[in-house]
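Presented below is the structure to which this report refers.
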Amino acid sequence: MLASSLLANYCTELHDDQAHKVDKYLHRLQLSDETLMDVSIRFRREMDKGLCRDTNPTAAVKMLPTYVRSTPDGTEQGEFLALDLGGSNFRVLLVKVMADGEQKVEMENQIYAIPEHLMRGSGSELFDHIADCLANFLEKLGIKDKKLPLGFTFSFPCQQTKLDESLLVLWSGGRIIQYSQSVLVSWTKGFKASGVEGKDVVSLLKKSIKKRGDFDIDILAVINDTVGTMMTCGYDDHHCEIGLIVGTGTNACYMEQMRNLEVLDGDEGRMCVNTEWGAFGDDGVLEDLRTDFDREIDAGSLNPGKQLIFLAVGVGLSEPPLQNQHRGNTELKFEKMISGMYMGELVRLILVRMTKERLLFQGKTTAELLTTGSFNTSYIYAIDNDRDEEGLASAEKVLRGLSLDPSVEDCIATQRVCQIVSTRAAHLCAATLVAVLRQIRDNKAAEKLRTTIGVDGSVYKNHQEFSRRLHKMVRRLVPDCDVRFLQSQCGSGKGAAMVTAVAYRLAAQQAERQRILDTLRLSREQLLDVKKRMSEEMVRGLSKQTHEQTSVKMLPTYVRSTPDGTEHGDFLALDLGGSSFRVLLVQVQSGKRHKVDMHHKIYSIPQEIMQGTGEELFDHIVYCIADFLEYMGMKGTSLPLGFTFSFPCHQSKLDQGILLRWTKGFKASGCVGQDVITLLKAAVRRRQDFDLNFVAVVNDTVGTMMTCGYEDPKCEVGLIVGTGTNACYMEEMQNIELVEGDVGRMCVNMEWGAFGDNGELDDFCTQFDHIVDNCSNNPGKQRYEKMVSGMYLGEIVRNVLMDFTAKGLLFRGKLSERLKTRGIFETKFLSQIERDRLAMRQVRSILQHLGLTSSTCDDSVLVKEVCSVVARRAAQLCGAGLAAVVDKIRQNRNLNQLSITVGVDGTLYKTHPHFSSIMQETLQDLAPQCRVTFQKSEDGSGKGAALITAVACRMKSEGQH
Ligand code: 0WK
Ligand code: 0WK
Ligand code: BGC
Ligand code: BGC
């Protein structure tokens, strides 16, 4: 209660008068919303400077990467030691995290003093002291013999190195030796131990522990207290993605998008950034708002420019006289306007100035009032609270403590000064926090941001008015954000244990994921082996003796030469077997300016037709031809037709193709073993609408080779990597034992999709390949195709994702019904996901489309990695197969060096951003004596089929057969 003598004089008017007087005197410390919004925008600019590679070195707000990539997901478990240094108390903790579903954390901790002489002595003394405290703690708990992982909350600006990778490397046999580094940038908050700045605090601590030699630990994580606080709160609230400290010092961290962290490689997922916003303004951007009091604080009353140091000794904050000051190399201008270390001093300096200007205490100062640090920040908590009278009484008590004899006016004025200083601190903190909130909202492109801020620190915790004003101003500056403040109940030590536990979990999960993905990664030796086995199968396929047994059928196509430009005429062409069915009119002009005009129409082949009867399929094809002829106004014309039929066919002549088996989802009955030309003729007859004279049936690889050969005579290989995969090439007649004659060459349709059907690839097949094969409509068939082509890659990825999810390595182990649906993960997703820098958002939307709405950024990163591993293997296998082909051609022609062109088509090859380059790299590596040019077929194989028909017509007209 205010002394009765003062109470007697107290009345509201007097109060308002005094308050008004102080408001006027301190108007520069009262910031309008506009000014605060401006501060927020300035800070956002400083954040960008810190994030940007070019401006980071000179940025005041350092935006330090922490390598903490994810917040707790409730699967963390284990026993962890934690050290919590840098706040008002140094704590050693033992944290037990139980993950048995109900997410429980037990903690034991001990507070130890950090004597002043150690805060400002030599670094080795300081770390020896920390090691002693740790030993004492372990002794007390009788766990000195245990080698526990330790998380170190070191609440000073540190430059950190990678977290998980090194963990991964060291994650052998369930034990970790040591990993990341944390180099101290500069001391703050009264610490100044020598020989530490610029050093890795992990090594300093390990050295001190080694010096003792009576216990050992695994120092796994060094984190900032803001990060520890975010993690501590994130354990209970998964929305927590910001950590805020307003205590001795002040600072904030938040989860930033990797793509914005230019100082680091990689743009996937998020990482926690320690803003070190205490240094905001050190480059002068707050000069217009800083007052003389702020400059006085900074300059210190005794020696200007020096950072004021109040030493925290042992439990609670007691501020020794100011004469022990040392220069920090960062001025921390923003911290000095906000944090607990300086708030009390700010009030003192204002009271001193007002007294000297006879506005307080009849102008009489006291030695205590003139003593730096004599007005404790905790005084403000007592004076500035929502019960004014109680606050006034506290003001009186504090002022009498400073040997002053305050009047009620003096008490009111002092209370008002405290309110103004603390309000400015809370509002400035709100302004910078709003900048962080806006950054996260924009990162998420979220209309309405819903987020939680984990908070700790003595000012926030002990000064209710501060936190109330902070909340209120944040909500006023960003009314469109749903922001929750979650006060950390158990300090950042728990958070440090969480980071260690997360690091442990990440490492274990990453190791398990990589172990599984390694089964899909092929070594050079393995790829050379694939090439060798493909070569062997090619020879066996060409040989009359072994042709029947071989998996790679090496089917003669009766195409003896590539176009020579003399072809001419109008031809119809059908292109069946790819992702779309086309009917084309191809007009070929011969001679120098030889050129080809094409008109085509795409038709779909419904699933029920693909898997219905052969009659229905060919009737549908004939219906499309009739529709095309109508569409082209050519009803009744009869043109030579080239039929690209992209399935394995045994041919004994150009205009006959006995279907050996269906592939790629086709299963029409009554076709296998039949001549597809006969089946088509029968359908034309059934329709009695038009007539066609058939000339050639070709495989799409052959059509593609011819199409590209028309432009580049060196094109002697055709490659398809689309729904299915296959290759053809010009083989020496003498090697094609199934066809009479040894002169010249003939194109051989390899049907390499079936490579592996005799077990040639079993030792490369993974559990996922077996699942895809077993679930296909032709199990045991087309094994190579099922590891390479577009029809299957999505399914391989889906099965890997299901396996990861089942093992809890993805989507938090929650499988969505949609992901269980066969074919739901289309291969086009692989191309999209690996396409451009915005991959993550794309992954996100694809995962949402797949009903995986709660997927995290990390999930997206992993999905992308699975896609790239599966696509990479497919491209490498394709490259190994092609290496066998071009090297065979080179050996056929006894060449040391072969330069050849491959005509290629297929959606996967054409649309996947990396498939072609990886395939070409592999080919170059496995067939170095072949210089291979790839020519993408722009016109499809229909043109090739027409050219083959044209060649056949020319040869027929010249009487050749
Ligand atoms: C408690 C946290 C600690 C942090 C401190 C900050 O456990 O890591 O440094 O809060 O508040 P202060 O003690 O400086 O007021
Ligand atoms: C376009 C060709 C066609 C071939 C297809 C393969 O014109 O003959 O079957 O490429 O690629 P997909 O459409 O299966 O991706
Ligand atoms: C330090 C920060 C720390 C903050 C709160 C500042 O002085 O630079 O690293 O997070 O105090 O403790
Ligand atoms: C077929 C081949 C075809 C390839 C590409 C495979 O499934 O068996 O004949 O060339 O797909 O379309």
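The values are calculated or read from the model by the stated rules, or taken from the named source; none is laboratory data. Fair warning: this is a prediction, and the values are worked out from it, not measured in the lab. No Cβ is skipped: glycine too gets one built from the backbone with ideal geometry, and neighbour counts run over all protein chains shown. Side chains are part of the model used for accessible areas, which takes the heavy atoms of the whole protein and leaves out ligands, DNA and RNA. Shrake-Rupley method; radii C 1.70, N 1.55, O 1.52, S 1.80 Å.
Structure notes:
- Scanning region 842-867 for residues that are free of Cβ contacts under 8 Å to residues at least 40 places away in the same chain and of a type outside the set (A, V, I, L, M, F, W, C) yields a total of 7.
- Enumeration of residues in region 701-716 that are open to solvent by 20 Å² or more (accessible area, probe 1.4 Å) and either assigned to a strand (DSSP E or B) or within 16 Å of ligand 4 (Cβ to nearest atom) (or both): Glu716
- Residues of region 577-596 satisfying the condition of being touching an Asp or Glu at 6+ places or on another chain (Cβ under 9 Å) and either assigned to a strand (DSSP E or B) or within 16 Å of ligand 1 (Cβ to nearest atom) (or both): Phe581, Arg582, Val583, Leu584, Leu585, Val586, Gln587, Val588, Gln589, Val596
- Going through (1) open to solvent by less than 10 Å² (accessible area, probe 1.4 Å); (2) under 18 Å from Tyr25 (Cβ atoms) one by one, Val434 falls short only on (2).
- Members of region 183-241 found to be away from ligand 1 (no atom under 16 Å from the Cβ), out of contact with any strand residue (DSSP E or B) (no Cβ under 7 Å at 6 or more places or on another chain) and assigned to a helix (DSSP H, G or I), listed by number: Ser203, Leu204, Lys207, Ser208, Ile209, Lys210, Lys211, Arg212
- Just one residue in the set Ile621, Ile625, Ile609 is within 44 Å of the chain's Cα centre (by Cα) and either more than 16 Å from ligand 3 (Cβ to nearest atom) or part of a helix (DSSP H, G or I) (or both); that residue is Ile609.
- Considering only residues in region 752-797 that are of a type in the set (Val, Ile, Thr) and within 16 Å of ligand 4 (Cβ to nearest atom), the one that is surrounded by the fewest Cβ atoms within 10 Å (Cβ to Cβ) turns out to be Val772.
- The set of residues from region 795-821 being in a helix (DSSP H, G or I) and under 22 Å from Glu608 (Cα atoms) comprises just one member, Glu795.
- Unmet criterion (only one of (1) of a type outside the set (Ser, Thr, Tyr); (2) surrounded by fewer than 17 Cβ atoms within 10 Å (Cβ to Cβ); (3) more than 30 Å from Lys888 (Cα to Cα)) for Lys532: (3)
- Just one residue in the set Leu654, Leu641, Leu679, Leu719 is open to solvent by 10 Å² or more (accessible area, probe 1.4 Å), outside any loop (DSSP other than H, G, I, E, B) and either of a type outside the set (Lys, Arg) or within 16 Å of ligand 3 (Cβ to nearest atom) (or both); that residue is Leu679.
- In region 538-594, the qualifying residues are those that are among the hydroxyl-bearing types (Ser, Thr, Tyr) and within 16 Å of ligand 4 (Cβ to nearest atom), and the one that is most open to solvent (accessible area, probe 1.4 Å) is Ser579.
- Leading residue by the ranking (nearest to the chain's Cα centre (by Cα)) among those in region 167-200 that are farther than 14 Å from Glu125 by Cβ, among the aliphatic types (A, V, I, L, M) and at pLDDT 90 or above: Val183
- For region 787-794, the criterion of being away from ligand 3 (no atom under 16 Å from the Cβ), within 26 Å of Asn726 (Cβ to Cβ) and part of a loop (DSSP other than H, G, I, E, B) is satisfied by at least one residue.
- Number of the condition not met by Leu692 [criteria: (1) open to solvent by less than 30 Å² (accessible area, probe 1.4 Å); (2) aliphatic (A, V, I, L, M); (3) touching a His at 6+ places or on another chain (Cβ under 7 Å)]: (3)
- Scanning region 882-915 for residues that are touching a strand residue (DSSP E or B) at 6+ places or on another chain (Cβ under 7 Å) and of a type in the set (Gly, Ala, Ser) returns Ser899, Gly903, Gly906.
- The single condition among (1) surrounded by fewer than 23 Cβ atoms within 10 Å (Cβ to Cβ); (2) in contact with a helix residue (DSSP H, G or I) (Cβ under 9 Å, 6 or more places away or on another chain) that Arg400 does not meet is (2).
- Residue count, region 215-267 (criterion: open to solvent by 20 Å² or more (accessible area, probe 1.4 Å), out of contact with any Ser or Thr (no Cβ under 7 Å at 6 or more places or on another chain) and either among the charged types (D, E, K, R) or within 16 Å of ligand 3 (Cβ to nearest atom) (or both)): 6
- Scanning region 885-932 for residues that are within 16 Å of ligand 2 (Cβ to nearest atom), charged (D, E, K, R) and open to solvent by less than 60 Å² (accessible area, probe 1.4 Å) yields a total of 1.
- Taking region 71-95 as the range and being open to solvent by 40 Å² or more (accessible area, probe 1.4 Å), under 18 Å from Val222 (Cα atoms) and under 30 Å from the mean Cα position of the chain (by Cα) as the test, only Glu79 passes.
- Conditions (1) open to solvent by 10 Å² or more (accessible area, probe 1.4 Å); (2) in a helix (DSSP H, G or I); (3) of a type in the set (Asp, Glu): number failed by Glu106: (2)
- Single match in Met706, Met634 (criterion: of a type outside the set (Phe, Trp, Tyr) and more than 23 Å from Cys747 (Cβ to Cβ)): Met634
- Test: residue in region 494-509 that is free of Cβ contacts under 8 Å to residues at least 40 places away in the same chain, open to solvent by 10 Å² or more (accessible area, probe 1.4 Å) and away from ligand 3 (no atom under 16 Å from the Cβ): no
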